[in-house]
Amino acid sequence: MTFAVIVFPGSNSDYDAFHAASAVVGAEASLVWHKDTSLGGADAVILPGGFAHGDYLRTGAIAKFSPIMAAVRAFAERGGPVLGICNGFQVLLEAGLLPGAMVRNRGIKFVSKMVPVRVDATDTPFTGACAAGQVLHMPIAHGEGNYFAEPAVIEALERDRQVVFRYVDETGQASAAGNPNGSINNIAGICNARRNVVGLMPHPERACEASLGSADGRLVLDSMVQAFAAGVAGGRSLA
Amino acid sequence: MRARVYVTLKPSVFDPQGRVVAEALHTLGYGDVRDVRQGKFFEVELEGDDRASAEARVAEMAATLLANPVIESYRVEVL
């Protein structure tokens, strides 16, 4: 299985994602420059964290027009698994591949800390290896992670179980105390209707080894590998 | 020809930065400040002299790039 990790000018978690996919999980991984127009036959795409194009104008606003995004969009439309982490989530929102938008954290501050995140949907290629309701400890590091969408959109996301990850407190409840940035309904990550595109603000790729404080994020990458293996066994190819 | 674009958060979107500015103004003694909404302002220099066409093109630019219609609204002025 091959992961394509997209590199925008200003990405800073690209090598973390590359390391997690290759050295930790043992898959193939390639770094794909944002001006490229092909994903090189990859089986999964990761849009990494960072500050693509310096976050100028709005987070992800310039990146959505990078040449590689046409290939990412086509890959997603064919059902290929696309994971947007932090800034990568913001890019997916700006590109319209996921609904909603990010605004400045409610408390104004850039928040960088390990947080508990509950898996609320396991039927995605990114969470199949998790137990329903499992709480993962992963770091967040963002100034604009306050998820916003109009009430009708939130209602549809909840109804169709598209909220994949939710910020919780240490007891596993999606309380105000467990909400680090003001996101509506403690939303930390969502998927599209087809469930093959997921964006989340926490960083699974920075929590794949015990020496980093948590290895819980590895479940997200393991899920992708499992989903790919199941697809191959079922005779499906997404790339 | 020059156009101005004003981008603001929609009324339904909470503006944490505007809130902090309002609180700072209160601290400075401006107790009559009810609320502050922070936005963005763009000046766009254009070739040509057709005002109607310029207004339509700048509105298109605002909808495509300058504003995110999910959370922001915009207003265009051609000078």
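General observations
- Of all residues in region A:123-155, exactly one satisfies the criterion of being of a type in the set (A, V, I, L, M, F, W, C), open to solvent by 20 Å² or more (accessible area, probe 1.4 Å), more than 13 Å from every other protein chain (Cβ to nearest Cβ) and touching a Pro at 6+ places or on another chain (Cβ under 8 Å), namely A:135.
- Residues that are out of contact with any strand residue (DSSP E or B) (no Cβ under 8 Å at 6 or more places or on another chain) and part of a strand (DSSP E or B) within region A:155-173 are absent altogether.
- Residues in region A:176-186 that are without any contact (Cβ under 8 Å) to a residue 60 or more places away in the chain and open to solvent by less than 30 Å² (accessible area, probe 1.4 Å): A:183, A:186.
- Annotation note: of A:111, A:91, the sole residue that is within 14 Å of chain B (Cβ to nearest Cβ) and closer than 15 Å to residue A:189 by Cα is A:91.
- Given (1) assigned to a helix (DSSP H, G or I); (2) under 18 Å from residue A:8 (Cα atoms); (3) open to solvent by less than 30 Å² (accessible area, probe 1.4 Å), number of the condition residue A:76 does not satisfy: (2)
- Only one entry in B:77, B:72 is under 14 Å from the mean Cα position of the chain (by Cα) and either surrounded by fewer than 17 Cβ atoms within 10 Å (Cβ to Cβ) or modelled with pLDDT under 95 (or both), namely B:77.
- Residues that are assigned to a strand (DSSP E or B) and either open to solvent by 50 Å² or more (accessible area, probe 1.4 Å) or not β-branched (Val, Ile, Thr) (or both) within region A:107-122 comprise A:112, A:113, A:114, A:116, A:118, listed in sequence order.
- Near pairs, Cβ below 8 angstrom, 6+ apart or cross-chain, from region B:64-75 (of a type outside the set (Asp, Glu)) to any residue that is in a helix (DSSP H, G or I): B:65/A:65; B:68/A:94; B:69/B:63; B:70/A:93; B:74/B:59; B:74/B:62; B:74/B:63; B:74/B:66
- Test: residue in region A:214-228 that is in a helix (DSSP H, G or I) and of a type in the set (Gly, Ala, Ser): yes
- Of residues in region B:22-51 being β-branched (Val, Ile, Thr) and exposed (fewer than 15 other Cβ atoms within 10 Å of the Cβ), the one farthest from the other protein chains (Cβ to nearest Cβ): B:33
- Given (1) in contact (Cβ under 8 Å) with a residue 12 or more places away in the chain; (2) open to solvent by 10 Å² or more (accessible area, probe 1.4 Å); (3) not hydrophobic (A, V, I, L, M, F, W, C), number of the condition residue A:84 does not satisfy: (2)
- The residues of region A:94-104 that are more than 7 Å from every other protein chain (Cβ to nearest Cβ) and either touching a residue at least 60 places away in the same chain (Cβ under 8 Å) or of a type in the set (A, V, I, L, M) (or both), listed by number, are A:95, A:97, A:98, A:99, A:102.
The values are calculated or read from the model by the stated rules, or taken from the named source; none is laboratory data. Keep in mind that this is a model prediction, so the values were computed, not measured. Ideal geometry is used to build each Cβ from the backbone, glycine not excepted, and the neighbour counts take in all protein chains shown. Just so you know, the surface numbers come from the protein's heavy atoms only, side chains and all, with ligands and any DNA or RNA stripped out. Shrake-Rupley method; radii C 1.70, N 1.55, O 1.52, S 1.80 Å.
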